[in-house]
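See structure below.
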Amino acid sequence: MRRDIFQAIADPTRRAIITLIAFQAMTPNAIAENFNTTRQAVSKHLRILAECELVKQEHQGREIYYSLEIDKMKEIDKWLEQFRKIWENRFNQLDNLLLTIKKAEK
C-alpha cells in the first residue's frame, strides 16, 4: 500500500522523528533512544517515512543513517501555503477593522 506524506505526518511519533533528524542524520538506535518504545516500533515508523520519501537512508559501513528529505518537506509547505495566505488575509482584515474602530473612538 502506498501512503501519502500527509498520512505519514499524521502520527505524532513520526513528526517527532522528523524533528529529530532535521538537525542531523541518525541511526534507528539513536532515534529509538529518544522514545519510550521499542526499536522495532521506531523501525516501522522509519519504514513508513521512507515509503513516503520523507526520509532518506544512507549506508555508512554497517550502519544506516536516516536524514530528512527536504524536497518532500517543501511539498508539505507548498500545500500549507494556501492556508497561510487565507489566515494572513483574515488577520490583516481584523487589523484594519480594529484600526477603524480605534479611530472612531477618538
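The values are calculated or read from the model by the stated rules, or taken from the named source; none is laboratory data. Since the model is a prediction, treat every value here as computed from it, not as a measurement. Every residue, glycine as well, gets a Cβ built from its backbone with ideal geometry; the counts of neighbours run over all protein chains shown.
The table that follows gives values for the structure above.
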{"item": "In segment 21-53, residue surrounded by the fewest Cβ atoms within 10 Å (Cβ to Cβ) [restricted to those that are charged (D, E, K, R) and under 18 Å from ILE70 (Cβ atoms)]", "result": "GLU53"}
{"item": "So PHE6, is it loosely packed, with under 12 Cβ neighbours inside 10 Å, outside the structural domain of TRP79 (by TED's automatic domain parsing) and in contact (Cβ under 8 Å) with a residue 24 or more places away in the chain", "result": "yes"}
{"item": "Helices (runs of 4 or more DSSP H) wholly inside segment 27-106 that include at least 1 residues being out of contact with any Lys or Arg (no Cβ under 8 Å at 6 or more places or on another chain) and not assigned by TED's automatic domain parsing to the domain that holds ARG14", "result": "70-105"}
